[in-house]
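Reading through the structure tokens given below for one structure.
The values are calculated or read from the model by the stated rules, or taken from the named source; none is laboratory data. Because the structure is a prediction, the values reported are computed rather than measured. So basically every Cβ, Gly included, is an ideal-geometry build from the backbone, and we count neighbours across all protein chains shown. All accessible areas refer to the heavy atoms of the entire protein, side chains included, with ligands and DNA or RNA removed. Shrake-Rupley method; radii C 1.70, N 1.55, O 1.52, S 1.80 Å.
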Amino acid sequence: MKLIKKGAEADIYQITWNNNNAIFKIRKIKNYRNSLLDSKIRKQRTLKESQILSQVKSFGIPTPLVYFVNLKKSLIIMQEIPGKPVNDLSESKIVELSKEIGKLVGLLHKNGVMHGDLTTSNFILFQNTVYVIDFGLSQNSIKPEDHAVDLRLIKEILNSAHAKIMEPAWKNFLIGYKSIVGNANYVKITKLVLDIESRGRYAAVV
Ligand SMILES: Nc1ncnc2c1ncn2[C@@H]1O[C@H](COP(=O)(O)OP(=O)(O)O)[C@@H](O)[C@H]1O
Ligand SMILES: [Mg+2]
């Protein structure tokens, strides 16, 4: 078992599963949380992640196959996508892929799924296909307000982690998003994004 990423929430290992490379994701105990609450949260996120990884496949979102789940150990074993996380790609590639990412987020929202943690490290490019991962904070929601929260987060990530390309990347994201959700939803949700920003918890991002 080889540790490949130590995340804030989970450790990610590469293992072999039926002779294939696979990812072993285990959510770690957080000692600062009450232990009963902590095990409940870890269990709930593991369940959500495994359910939604499979659910969204039905409407065409590329995701890793789930091979095995142990809720008690808050563990998921899934297919390894042997590509590169989008945040590790070149700036021009990120700008180009932003449109596809916008489409994928649009498709999630159109089907009533909020991702909950839209960062560029949660998209993996493999053989010209963008895969979506890390659904532990996702929810079934058709509320425009929830969809706006998703957009605000990815906008913020583009602005902070990819500042130099923020403008063309965000523009492409919105083109892709709008092409899937349609103009009326697009107008409604982007207006809510501006509302969130103007509430002052976040500075407006141009
Ligand atoms: N199925 C997978 N295939 C390939 N890489 C993965 C897979 N799942 C996770 N990773 C890698 O591990 C990192 C962290 O996994 P992630 O599920 O996003 O956990 P975290 O909650 O810590 O962000 C990802 O950004 C990616 O680089
Ligand atoms: Mg992640």
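For this structure, a couple of remarks:
- Tilt relative to the chain, helix 183-198 - C-alpha long axis, 0 to 90 degrees, to 10: 80
- Overall form of the stretch 121-206 per C-alpha gyration tensor (a/c, 1.5; a/b vs b/c): rounded
- Net charge dipole, the stretch 25-141: roughly 660 debye, given to the nearest 20, about the Cα centre with Cβ charges of +1 for Lys and Arg and -1 for Asp and Glu.
- Over the stretch 2-79, relative contact order from alpha-carbon pairs under 8 Å, at least 6 apart, %: 27
- Selection from 52, 29, 18, by position along the positive dipole direction of the stretch 16-135 (Cβ): 29
- Relative to the longest principal axis of the Cα atoms of the chain, helix 91-110 runs at roughly 80 degrees.
- Accessible surface of the stretch 2-151, 1.4 Å probe, proportion on carbon and sulfur as whole %: 51
- Residue 97 - accessible surface, heavy atoms, 1.4 Å probe, Å² rounded to 10: 10
- The residues of the chain expose on average 53 square angstrom of accessible surface per residue, using a 1.4 Å probe on protein heavy atoms.
- One chain, two ends: residue 51 and residue 127. Fully extended at 0.36 nm per residue, the span grows by 24.9 nm beyond their Cα-Cα distance.
- Length-normalised contact order of the chain in % [C-alpha pairs under 8 Å, at least 6 apart]: 18
- Based on C-alpha pairs under 8 angstrom that are at least 6 apart in sequence, the stretch 84-198 has a relative contact order of 37 percent.
- Given charges at beta-carbon only (K, R positive; D, E negative), |dipole| of the chain in Debye: 580
- 56, 69, reordered so the largest accessible area comes first (probe 1.4 Å): 69, 56
- Report summary: the helix-based calculation at 222 nm, which adds -39500 (n - 2.57) for every DSSP H run with n ≥ 4 and divides by the residues of the chain, gives -15000 deg cm²/dmol.
- Taking label points 7 Å from Cα along the Cα-to-Cβ direction, residue 65 and residue 2 give a separation of 2.2 nm.
- 26 Å Cα-Cα reach of residue 73 towards lysines, excluding residues that sit fewer than 8 places from it in its own chain: 2, 5, 6, 25, 28, 30, 40, 43, 48, 57
- The amide H of residue 113, built 1.01 Å from its N in the peptide plane, has 141 as neighbours under 5 Å, considering only residues 5 or more places off or on other chains.
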